Amino acid sequence: MTAAVPGATMPRWAWLVPAAAAALLAASFAAAGGALLALLCAAGLVGAVVASVHHAEVVAHRVGEPLGTLVLALAVTVIEASLILSMMLAGGPGKATLARDTIFSAVMIIANGVIGLCVLVGGLRHREQSFRVEGAGPAFAALVALASLSLVLPSFTTTTPGPTYSASQLGFAAAASLALWAAFVFVQTVRHRDYFLPRVDAANEQAHAPPPSNLLAWMSFGLLLVSLVAVVGLAKALSPRIERAVVAAGAPEAVIGIAIAMLVLAPEAWSAVRAAAADRLQTSMNLALGSALATIGLTIPVVAVASVLFHVPLTLGLDPKDLVMLTLTFVVGAITLGTGRTNIMQGAVHIVIFAAWLFLSLVP
């Protein structure tokens, strides 16, 4: 039996699930949260993740690579930044580390969890896979620079006490982050677009099937936005329960940032793993590295401007334990992405680092 091409027709569930998730989101804001509503919201969150991946694949098939992966990465990151900003403004000084924790968690989840799982799954199914190192290498270099400017240097500057930036330093970090992300998007979509294109596979039906119609692509784009808003909105609706569970378990506050990042990045993670399982590791790398770059390149300017305008405390510098984990991630990542070929061993290494980070976040 041949696999159906995403977007050839729109299945009924593809619009019913986003509509139901949006209705649950509205209900969560209109009614007092009970246990039943929380369970329904959790189910709606999972359904919205599934729907967003489906519609992202339809849009990606219409516009082609690498624009297709950029659509999902950009949409998720914009909404993620809005979620962080709203929680920062509502929480005041008590949420000074939320942006740092969420951004750092996103980098660790993507660079170790998502890339590791993609390489592992792809290696198990296809033994070896390849990708264009000409695109992955510079993208990873930009990620190292962005993370160092945003999460490492604040722990070593002396203008302000603690792991923080002054207003002028925040402005420079925001401008540098935005400039690097914009340069990456220009290279990915215009200047060197071929560096991010997967090699054509004659056995891949999706690569040769006719793309969906303009009408179907626009419908999927609209439903993708609805699904992503539902994912982030339901994650925010469930966040008080997550915070209470973290406090009840005696876990560190940084776990809240991890939970938020995991919920928001779920659509991208699943889409990337599905692509690797289908022997399209290049698409997985485009998604993973593009998401990590967008997370820092767009979120840091947003939270920096909000911190300066609204006088909201913002702590960006990582503690020594997290600095070690970030350094280990970048060293191993440089080795993994340095050859353009992967197997299960590289995936296993990243998964172990991801597990170590999760464990040490719960038991610091």
### Query
Around Ala96, which amide H atoms from residues at least 5 apart in sequence, or from another chain, sit under 5 Å from its own amide H, with H modelled in the peptide plane?
none
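What net charge is computed for the residues neighbouring Ala48, neighbours being all others with C-beta under 14 Å from the C-beta of Ala48, Lys and Arg scored +1, Asp and Glu -1?
Residues close to Ala48 contribute a combined charge of 0.
Considering only the other residues whose Cβ falls under 9 Å of the Cβ of Gly340, what net charge follows from Lys and Arg at +1 and Asp and Glu at -1?
Result for the local shell: +1.
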### Summary
Ranked by GNM mean-square fluctuation in the chain (Cα springs under 10 Å), the top entry among Thr295, Thr77, Thr189 is Thr189
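Taking a quarter of the surface of the Cα convex hull of the range 89-191, what do you get in nm²?
Result: a mean projected hull area of 8.9 nm².
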### Query
Taking springs between alpha-carbon atoms closer than 10 angstrom, which of Ala139, Ala230, Ala90 fluctuates most in the Gaussian network model of the chain?
Ala90
### Task
For the range 312-364 and the range 126-145, compute the distance between their C-alpha centroids and round to whole Å.
16
### Task
Starting from the Cα gyration tensor of the chain, take the square roots of the eigenvalues, sort them a ≥ b ≥ c, and report rounded, prolate or oblate (rounded when a/c is under 1.5, otherwise prolate if a/b is larger than b/c, else oblate).
oblate
### Query
Once a ≥ b ≥ c are taken as the square roots of the eigenvalues of the Cα gyration tensor of the range 247-288, is the result rounded (a/c under 1.5), prolate (a/b larger than b/c) or oblate (a/b not larger than b/c)?
prolate
#### Entry: Mean Cβ count within 10 Å, highest first, over the residues of peptides 247-255, 273-281, 121-129
273-281, 121-129, 247-255
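Mean separation of Cα pairs under 8 Å and 6+ residues apart, divided by the residue count of the chain: what relative contact order is that in percent?
Rounded, it is 38 percent for the chain.
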### Query
Nearest 0.05, what FRET efficiency do Ser148 and Leu360 give at R0 = 30 Å with Cβ-Cβ as r?
0.90
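None of the figures in this text is laboratory data; all of them are computed from the coordinates on show. Note that the structure is predicted; figures quoted are calculated from it, not measured. When we count neighbours, we look across all protein chains shown, and the Cβ atoms used for this are built from the backbone with ideal geometry, even at glycine.
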